[in-house]
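Working notes for the structure below.
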């Protein structure tokens, strides 16, 4: 079955609940603002990881979270959160506007914005997708977009997402990848018809999304490089570099994406002989030595030190969610590490 990760802080002391939330989101949200004071951030969440997409089921007490401009600039997170509330909701303050989100609609939210979110007690399912998976363009799409569940389209989206979440616990990792691709394709089609200024289509943004999408789909291929991308997408090398310049250029972007995938594979791997070499080969690194060197440069840890980090110990694997409910914080160490990585993966 596809791996999932679970954390529940409802029965933990307030300081521990807040500390876990801070550990997971310290580079995404700011908890020091006055609006966040008094929140202990009690929540229960389960997460499933597809190659490009994250699926979350969340239940949480009322809280306020704040993403200041300094984190947006210093820790850019180019992703869209798709939210479907079961009950409760939130009020987002963004760009001088207020948006009220609740269970009457499906909501698309641009995470790469400075904003505050004030939540009531709530339960929801959420899908995190990178810009390129949706074809999202911040210059033409609004930062918050909602589709009423009373409409024909809304009912179709509700049925599709409900069906997807009902199957997550029963899918293999390969089946999860297929489901994720289907869901992202559906959401991309919906979003493509709801631009802010349709006649002013941003060709540059479309090219960037196409480049990133092509790279993600071919990360395991040894031939992946600027020359092949230029050939396949009919773009010059200069255009490729310009579009990915902020990431250090084409080759640097490819390496960083491969390292991100390798980080997950190592963290989920059983500590068996040859696992580091196998991961290096899977993600098309020229040698284990080269892989280990660039991995250490990127994450400041060796590949071998991460092996099995997200794997539950034998006595933990036998624990049920009811055992988790009793608040044994040590059981959550692998899950907290996985959630923290998930929140930071789109940078």
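Quick look at the numbers
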{"read-out": "Filter result (surrounded by 13 or more Cβ atoms within 10 Å (Cβ to Cβ), without any contact (Cβ under 8 Å) to a residue 12 or more places away in the chain and over 20 Å from residue 130 (Cα atoms)) within the range 209-236", "value": "228, 230"}
{"read-out": "Of all residues in the range 187-207 being under 20 Å from residue 83 (Cα atoms) and loosely packed, with under 12 Cβ neighbours inside 10 Å, the one that is modelled with the lowest pLDDT", "value": "193"}
{"read-out": "Top-ranked residue in the range 76-90 [being surrounded by 15 or more Cβ atoms within 10 Å (Cβ to Cβ) and outside any strand (DSSP E or B); ranked as farthest from the chain's Cα centre (by Cα)]", "value": "88"}
{"read-out": "One residue from 161, 127 being surrounded by 20 or more Cβ atoms within 10 Å (Cβ to Cβ), in a strand (DSSP E or B) and on the phi < 0 side of the Ramachandran plot", "value": "127"}
{"read-out": "Only one of 252, 261 that is out of contact with any helix residue (DSSP H, G or I) (no Cβ under 7 Å at 6 or more places or on another chain), in contact (Cβ under 8 Å) with a residue 60 or more places away in the chain, within 13 Å of residue 215 (Cα to Cα) and not assigned by TED's automatic domain parsing to the domain that holds residue 52", "value": "261"}
{"read-out": "Within the range 252-273, tally of residues that are more than 21 Å from residue 50 (Cβ to Cβ) and at pLDDT 95 or above", "value": "1"}
{"read-out": "Helices (runs of 4 or more DSSP H) wholly inside the range 234-311 containing at least 1 residues that are within 19 Å of the chain's Cα centre (by Cα)", "value": "250-268, 288-299"}
{"read-out": "Residue in the range 144-164 that is under 18 Å from residue 47 (Cβ atoms), in contact (Cβ under 8 Å) with a residue 24 or more places away in the chain, in the same structural domain as residue 76 (by TED's automatic domain parsing) and more than 20 Å from the chain's Cα centre (by Cα) present", "value": "no"}
{"read-out": "Residues (more than 17 Å from residue 30 (Cα to Cα) and assigned to a strand (DSSP E or B)) located in the range 92-109", "value": "97, 98, 99, 100, 101, 105, 106, 107, 108, 109"}
{"read-out": "Residue in the range 170-186 that is nearest to residue 46 (Cα to Cα), counting only those that are loosely packed, with under 12 Cβ neighbours inside 10 Å and touching a residue at least 40 places away in the same chain (Cβ under 8 Å)", "value": "170"}
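The values are calculated or read from the model by the stated rules, or taken from the named source; none is laboratory data. Bear in mind that the values here come from a model prediction, so they are computed numbers and not experimental data. All Cβ positions, glycine included, derive from the backbone under ideal geometry; neighbour counts span all protein chains shown.
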